[in-house]
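The values are calculated or read from the model by the stated rules, or taken from the named source; none is laboratory data. The shown structure was predicted, so the numbers you read here are calculated from the model rather than taken from an experiment. Cβ coordinates were reconstructed from backbone atoms using ideal geometry, including for glycine residues, and neighbour counts include every protein chain displayed. Calculation scope for accessible area: heavy atoms of the full protein, side chains included, ligands and nucleic acids excluded. Shrake-Rupley method; radii C 1.70, N 1.55, O 1.52, S 1.80 Å.
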Amino acid sequence: MENSTAKFIATPLKATTHVNQNEDLIFEKSSPGKRGYKLPPLDVPAVDAAKLLGSSTRADLGVMPELSEIEIVRHFTRLSTWNYAIDLGMYPLGSCTMKYNPRVNEFVSRLEGLAEAHPYQPESLSQGALGIMKLLSECLIEITGMDTITLQPAAGAHGEFTGILLARAYHQSQGNPRRKILIPDSAHGTNPATAAVCGYEIANLKSNAQGMVDIAELERMVDGETAALMLTNPSTIGVFESEIHKIADILHAKGALLYMDGANMNALCGKARPGDFGVDVMHLNLHKTFSTPHGGGGPGSGPVACKKILEPFLPTPVVVTKSDGTLSFDYNRPHSVGRVRAFYGNFGMFVRALAYIQANGPDGLRQTTEDAVLNANYVRAKLEDTFELPFKTRTLHEVVFSDKLQAKNGVKTGDMAKRLIDFGFHPYTVSFPMIVSGAMMIEPTESESMEELDLLVDALKQIAREAAENPEHVLNAPHTTRLSRLDETTAARKPILRWKGPMEDVALGSAAKEW
Ligand SMILES: Cc1ncc(COP(=O)(O)O)c(C=O)c1O
């Protein structure tokens, strides 16, 4: 037994065990009077803040942790070593496009004039920032083939919400509000959620055997009550809707709109433009396709591009060029759906995305797409004899296997994903999309070298061998992490979101006790 366990533990090629220090909560490390800073004596008259700010002043700041500078630095540095990050290794999390965030983006976004710009700064002092928004808008319009755009939404799902608000305002302006939205069963989960939040009924559209929209079923379902079809293209199984023109024609013939979830544009950028294949409105995830950080690494950005017919409804303000050639915000938009975000959106993300687009240029973006698709297909070809491939249709930027073969030995997709952690990889996406039972969804992105892809393939092949020869070892994984298998169901159903320690009442104040 000892030998067989050793055989299975010793194999990781990329990962090894490494001392990783324990760390208390920052409140537990606190001791009264410690300081992380030292200020020079005051050499100007003291001002009474309460007099200056009136009732906006808060005198009681509660209990703050008190530590020295080095303790704070070590606290956060130690915690950072418990994390996995794109800068540590591959993140094959399908549907998330976890690509490398180039350092040039970070350099540009930290330039003082951009990082310190204030949203209330006068327009005359903000021409550079407005210019960045305008240029990014033009680039994204060119990439998508659409007519116009708003940069305001703060994430993909927020972009969907904004796009569907535009569609709703359009139908209302036509005197026919319509009540339902069609959504294929292969759609990203945020699509039905968005439609419901915007007050629509959701009609579920079944995929055909290739994982695409069933055209006959679509023709049957589209009627005068259909506001739009929300289509993730390429879909969550990485398949491009080859009959997209026909889909658009069927919708348009009945006065309905085609919404494209463009979060998977990493598979199309520089190769095909949604505006050219009939899409009326779509969102982009800058934090996926255009390399701005995400997944806890930073705020998102979900611009919405649309055709001319939807332009009057765009969120306010929009950037316009005045007659003297200077840039300005136009707030006078009577048909606008209103603001969807404070100020203008996540400006720092605009700077990073534009830096990425300009650093790559048109040919570079096209190459990026080709490399992303090549990498996904390399993984597919290397693993299709090891894991079941439920859809044989050609795929683009991601590949979805299922755990069918391994499940015969009781090993499920989630177990293999946990075991993958032992090999130094972030898990792939587990049990999504829903149309694949036991889905294992892998999206390597263009960032990975062939060497890194080979390590992933080797790791997954070994996990499949373990699933056949020693399933217990996979079922109990991960073995090399700080904590082993956690009870995720209890964590999701009964989360304990606040610290319960000896100083809890002091730290959180009396309100915490009343909860
Ligand atoms: C296809 C698709 N649509 C929508 C979203 C939602 O984007 P966000 O997480 O930024 O809200 C995602 C997220 O990755 C996605 O993959």
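Here are the numbers for the structure shown:
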read-out: Förster radius 41 Å - calculated FRET efficiency between residue 176 and residue 486 (Cβ-Cβ, nearest 0.05); value: 0.20
read-out: Pairs from 408/494; 99/308; 134/307 whose Cα-Cα separation, in the structure shown, is over 27 Å; value: 408/494; 99/308
read-out: Förster radius 41 Å - calculated FRET efficiency between residue 142 and residue 209, Cβ distance, rounded to 0.05; value: 0.70
read-out: Backbone HN-Hα couplings from phi across region 21-26 [Karplus 6.51/-1.76/1.60, Hz, Gly and Pro as x]; value: 6, 6, 8, 6, 5, 5
read-out: 1.4 Å probe accessible area per residue over region 1-147, in Å²; value: 70
read-out: Taking N as its residue count, the alpha carbon Rg of region 124-205 over 2.2 N^0.38 Å; value: 1.35
read-out: Alpha carbon convex hull of region 335-417, projected area averaged over orientations, nm²; value: 10.2
read-out: For the chain, convex hull of alpha carbons as volume per residue, Å³; value: 205
read-out: Filtered GluC sites (Glu not before Pro), region 350-427: DSSP coil and at most 13 other beta carbons within 10 Å; value: 384
read-out: Rh (Kirkwood; distinct C-alpha pairs) - region 246-404, Å; value: 18.5
read-out: Residue 383 accessible area, 1.4 Å probe, all protein chains in place, Å² to nearest 10; value: 0
read-out: Cα-based convex hull, region 1-140, per residue volume (Å³, whole number); value: 286
read-out: Cβ charges +1 (Lys, Arg) and -1 (Asp, Glu), total dipole of the chain, debye; value: 680
read-out: Under 16 Å from the Cα of residue 38 - aspartates and glutamates, other chains or at least 8 residues apart; value: 66, 69, 71
read-out: Ranked order, 44, 411 - accessible area, probe 1.4 Å, largest first; value: 44, 411
read-out: Fully extended contour minus Cα-Cα distance, from residue 25 to residue 367, at 0.36 nm per residue; value: 118.6 nm
read-out: √(5λ) per eigenvalue of the Cα gyration tensor, region 91-236, largest first, Å; value: 36, 21, 13
read-out: Extension gain (nm, one decimal) between residue 271 and residue 14, 0.36 nm per residue minus Cα-Cα; value: 89.1 nm
read-out: Length gained when the stretch residue 59-residue 78 is fully extended (0.36 nm per residue, less Cα-Cα span); value: 3.6 nm
read-out: 5 angstrom amide H check on residue 231, placed H, neighbours 5+ away; value: 259, 260, 261
read-out: Cα→Cβ-extended label distance, 7 Å offset, between residue 342 and residue 114, nm; value: 2.2
read-out: Region 334-456: relative contact order as a whole-number percent, Cα under 8 Å and 6+ apart; value: 24
read-out: Rounded Å value of the spacing that divides the Cα centres of region 436-488 and region 69-140; value: 30
read-out: For residue 57, solvent-accessible area (1.4 Å; no DNA, RNA or ligand), Å²; value: 50
read-out: Table column - 3J(HN,Hα) (Hz), region 116-126, Karplus curve with 6.51, -1.76, 1.60, x for Gly and Pro; value: 9, 5, 10, x, 8, 4, x, 4, 4, 9, 10
read-out: Mean separation of Cα contacts under 8 Å (6+ apart) over length of region 33-180, as relative contact order %; value: 12
read-out: Cross-link pairs 14/418; 404/461; 382/461; 288/382; 14/412; 206/246 - those with Cα-Cα distance over 19 Å; value: 288/382; 14/412
read-out: Point-to-point label distance, residue 331-residue 381, nm (Cα→Cβ direction, 7 Å offset); value: 5.8
read-out: Separation in nanometres of the label points that stand 7 Å from Cα toward Cβ, at residue 324 and residue 253; value: 5.4
read-out: FRET efficiency for residue 48 and residue 405, using Cβ-Cβ distance with R0 set to 51 Å, rounded to 0.05; value: 0.10
read-out: Computed [θ] at 222 nm, deg cm²/dmol, the chain (DSSP H ≥ 4; -39,500 (n - 2.57); rounded to nearest 500); value: -11000 deg cm²/dmol
